[in-house]
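What follows is a short report on a single structure.
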Amino acid sequence: MNRIFTFLYGTVSYAVFLATFLYAIGFVGNFAVPKSMDSQVDGRWETALLIDLGLLLLFALQHSVMARPGFKRILTQVVPASAERSTYVLASSLALLFLFWEWRPLGGTVWNVQNELGKVLLYGGYSFGWALVLFATVVINHFDLFGLRQVWRDLHGKPQSDLNFATPLLYRIVRHPLYVGWIVVFWSTPAMTVTHLIFALVTTAYIMVAIQFEERDLMAKHPEYALYRQQVPMIVPGVPRRGETPPAARPGGVLAGSQITGQ
């Protein structure tokens, strides 16, 4: 890839991500999209369940395997290092779009909140979750997380450089605020169907497992992460384990740990 093509590739990958992100808001929330999580049931529930679990497994494998350092080393033998992150973002977006396309609703009702205040709180939680997801990417350098920083530097002939370890804002409260946002999104609904419940359970379980792999990689890359891990809770805000204040954000870099749908 030459520099211009690499930059265009990264830009297109980011555009596909944005489209996927916006569709996901409607898909999970069941509005404004042609096919959502709880669209009309079609076919046997047993078949639908197997298909949905297969789709979730496919996304989990893609999202986690491609995030591992070993896979990245192999990938950068095929694509430029500056395009590695954009390739990951594009593959993740395509895996999600495939999930949206092939998703099979199961029907069934687990809960259906009728109280107006309850609905407002749950819809508010849903909106807050998406806002938290987006904000969590901004404070750890949104454009690096989605590959634009890398292709931009390549376009201008600048060497690639990793961001330094730091803990800005939300990352002083919990280690994975982005994942907190996803969990809030998955569970904040006034109408919890069996389909939605299975989706929420599987994706939440995946997040818990993915965190273990991600933190192992982070401690190998940033030895200081081990101390940060002892001081700051993983998901639930609370008192740091040893009562110490996590390291302050340092100019020029942030911790790029928690990523868009998890690793």
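Listed values, structure above:
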| read-out | value |
| --- | --- |
| Pairs, first more than 14 Å from LEU163 (Cα to Cα) in the range 216-227, second among the hydroxyl-bearing types (Ser, Thr, Tyr) and surrounded by 14 or more Cβ atoms within 10 Å (Cβ to Cβ), C-beta under 9 Å, six or more apart | MET219/TYR225 |
| Test: residue in the range 72-90 that is closer than 22 Å to VAL185 by Cβ, part of a helix (DSSP H, G or I), free of Cβ contacts under 8 Å to residues at least 12 places away in the same chain and not charged (D, E, K, R) | no |
| Hey, GLY10 farther than 30 Å from ASP154 by Cα and in contact (Cβ under 8 Å) with a residue 12 or more places away in the chain or not | no |
| Test: residue in the range 212-226 that is basic (Lys, Arg), over 30 Å from LEU106 (Cβ atoms) and loosely packed, with under 15 Cβ neighbours inside 10 Å | yes |
| In the range 35-50, the residues that are within 12 Å of ILE198 (Cβ to Cβ) and either assigned to a loop (DSSP other than H, G, I, E, B) or open to solvent by 70 Å² or more (accessible area, probe 1.4 Å) (or both) | MET37, ASP38, TRP45, LEU50 |
| Condition check for LEU96: in contact with a helix residue (DSSP H, G or I) (Cβ under 9 Å, 6 or more places away or on another chain), within 26 Å of ILE207 (Cβ to Cβ) and among the aliphatic types (A, V, I, L, M) | yes |
| Residue, farthest from MET66 (Cα to Cα), within the range 100-112, restricted to residues that are surrounded by 15 or more Cβ atoms within 10 Å (Cβ to Cβ) and either among the β-branched types (Val, Ile, Thr) or in contact with a Phe, Trp or Tyr (Cβ under 6 Å, 6 or more places away or on another chain) (or both) | LEU106 |
| Members of the range 171-217 that are farther than 18 Å from PHE59 by Cβ, touching a Leu at 6+ places or on another chain (Cβ under 8 Å) and aliphatic (A, V, I, L, M) | VAL180, VAL184, VAL194 |
| Residue within the range 67-83 that is open to solvent by 40 Å² or more (accessible area, probe 1.4 Å), in contact with an Asp or Glu (Cβ under 9 Å, 6 or more places away or on another chain) and closer than 23 Å to GLN212 by Cβ present | yes |
| Single residue of ALA166, ALA205, ALA200, ALA131 found to be closer than 24 Å to ILE25 by Cβ, open to solvent by less than 40 Å² (accessible area, probe 1.4 Å) and among the hydrophobic types (A, V, I, L, M, F, W, C) | ALA200 |
| Close pairs from the range 21-40: first within 15 Å of PHE186 (Cα to Cα), partner among the acidic types (Asp, Glu), Cβ under 6 Å, at least 6 apart | ASN30/ASP38 |
| Set PRO190, PRO237, PRO177, PRO159: member being open to solvent by less than 40 Å² (accessible area, probe 1.4 Å) and farther than 26 Å from GLN114 by Cα | PRO177 |
| Condition met for PHE17 (over 25 Å from GLY181 (Cβ atoms) and touching a helix residue (DSSP H, G or I) at 6+ places or on another chain (Cβ under 7 Å)) | no |
| Residue that is farthest from ALA220 (Cα to Cα) [pool: residues in the range 135-156 that are touching a residue at least 24 places away in the same chain (Cβ under 8 Å) and open to solvent by 40 Å² or more (accessible area, probe 1.4 Å)] | LEU155 |
| Residue check, LEU122 without any contact (Cβ under 8 Å) to a residue 40 or more places away in the chain, of a type in the set (A, V, I, L, M) and either open to solvent by 20 Å² or more (accessible area, probe 1.4 Å) or under 27 Å from VAL194 (Cβ atoms) (or both) | no |
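The values are calculated or read from the model by the stated rules, or taken from the named source; none is laboratory data. The model shown is predicted, which means the values in this text are computed figures rather than measured ones. Here the Cβ is made from the backbone with ideal geometry for all residues, glycine too, and neighbour counts use every protein chain on show. Heads up: the accessible areas ignore ligands, DNA and RNA and are worked out on the full protein's heavy atoms, side chains in. Shrake-Rupley method; radii C 1.70, N 1.55, O 1.52, S 1.80 Å.
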